[in-house]
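The values are calculated or read from the model by the stated rules, or taken from the named source; none is laboratory data. All of these numbers come straight from a predicted model, not from anything done at the bench. FYI the Cβ positions are ideal-geometry reconstructions off the backbone, even for glycines, and counts take in every protein chain you see. Please note that ligands, DNA and RNA were not included when accessible areas were found on the heavy atoms of the full protein model with its side chains. Shrake-Rupley method; radii C 1.70, N 1.55, O 1.52, S 1.80 Å.
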Amino acid sequence: MLSKEEDKIEEKITRFGLASIEENFEEGVREALDSLAELSMDYLNSMKVSDAERTVISIKDIGKAAVMQGMENAAVSAIRSLEKILQCSMERDTEGTTVRVLLSFGTIGKTAAENQLEMVAKLAASVLGGSGNTAALRKKEKEIVAVAIGLGEIGKSVARQRIPDFSENAATCISCLGDTGKLAAQQNLEEAAVGVELMLEEMALTAMMENLQSAVGSIAESLEEIGKSAEDEKMENAVFQATSALQTIMTDAGNRYLNDASIAAKLALESFDEVDIINDEENIKKIEEIRGTMKELWMDTATRKKR
């Protein structure tokens, strides 16, 4: 629990950071971010987890405000500050803080994509991609799900910008999701693999609305790779979700005359045994539970206040 004096210091730093953004004072923003990161790591080292999470929210808010102000360097500084906290949190094995940081990358990256700060969006996606692979190797399922949510939200926002088929950022998100999902399946982390597949499906639906055929084709390939890895591990729900997503893509792409994308999904689907693509109520129920949990997690990071 923070003393009143510590609490006032933290609030003062946060206010200074936000005020510096309003004044386009990058040095002030960077100073505030550095101070908040140091505070957060001190809290983690003292196992004051809730206090550390609050500083993460402050950094996320400053990073998001920087993006909306068009302050690219300040937004990058926010991501770098969060990376320091992420490393400390993983070392201390404070999963709640780690998840909060990962979702914050997603928030800043999504906002950057919406405001066409492509470098910031790409950096956030790349950091999430590396974090997803690390989480899979550490068998941290909730962390993988947080990575999947962040990458998916950035990817969907990139697709909505109507950038020619298809942007480097979209490719980064798809590639990172595919790699993390495949590794999660190989580690027998079924809920995490399903979470990645769900975000890939959502991204495919957004990409189809924007007629991004190449992106949809790449997503189909990633779903096939994750699904086949899940098939090797006999993870029924993950295989079912992969094939279900591919069926949806094949049909919707065909209806939109995105023939190349529809064919890519059809070919991917044909690599699975027929028994894997039969609808099963238990599979559907489990997948919807995972989908609901992911939505709650994302909504929580979007609405949660420091206090």
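Yes/no matrix, rows are residues, columns are (1) among the acidic types (Asp, Glu); (2) without any contact (Cβ under 8 Å) to a residue 60 or more places away in the chain:
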site	(1), (2)
VAL120	no, yes
ALA124	no, yes
VAL127	no, yes
THR134	no, yes
LEU137	no, yes
GLU143	yes, yes
ALA146	no, no
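So, SER157, is that one farther than 20 Å from SER229 by Cα, open to solvent by 50 Å² or more (accessible area, probe 1.4 Å) and in a helix (DSSP H, G or I) or not? Break it down into steps so the answer makes sense when it comes.
On the way: farther than 20 Å from SER229 by Cα: yes; open to solvent by 50 Å² or more (accessible area, probe 1.4 Å): no; in a helix (DSSP H, G or I): yes.
Judged against the criteria, SER157 is not a match.
Only a single criterion out of (1) touching a residue at least 12 places away in the same chain (Cβ under 8 Å); (2) more than 21 Å from LEU128 (Cβ to Cβ) is not satisfied by GLU202, namely (2). Within the stretch 48-101, the set of residues being within 20 Å of GLU141 (Cα to Cα), open to solvent by 30 Å² or more (accessible area, probe 1.4 Å), within 19 Å of the chain's Cα centre (by Cα) and charged (D, E, K, R) comprises GLU83, GLU95. When PHE25, PHE16 are checked against the criterion of being without any contact (Cβ under 8 Å) to a residue 12 or more places away in the chain and buried (at least 16 other Cβ atoms within 10 Å of the Cβ), a single residue qualifies: PHE25. Residues in the stretch 94-115 that are outside any helix (DSSP H, G or I) and at pLDDT 95 or above: THR94 only. Within the stretch 221-230, one or more residues are surrounded by 21 or more Cβ atoms within 10 Å (Cβ to Cβ), out of contact with any Cys (no Cβ under 6 Å at 6 or more places or on another chain), under 17 Å from ASP252 (Cα atoms) and not hydroxyl-bearing (Ser, Thr, Tyr).
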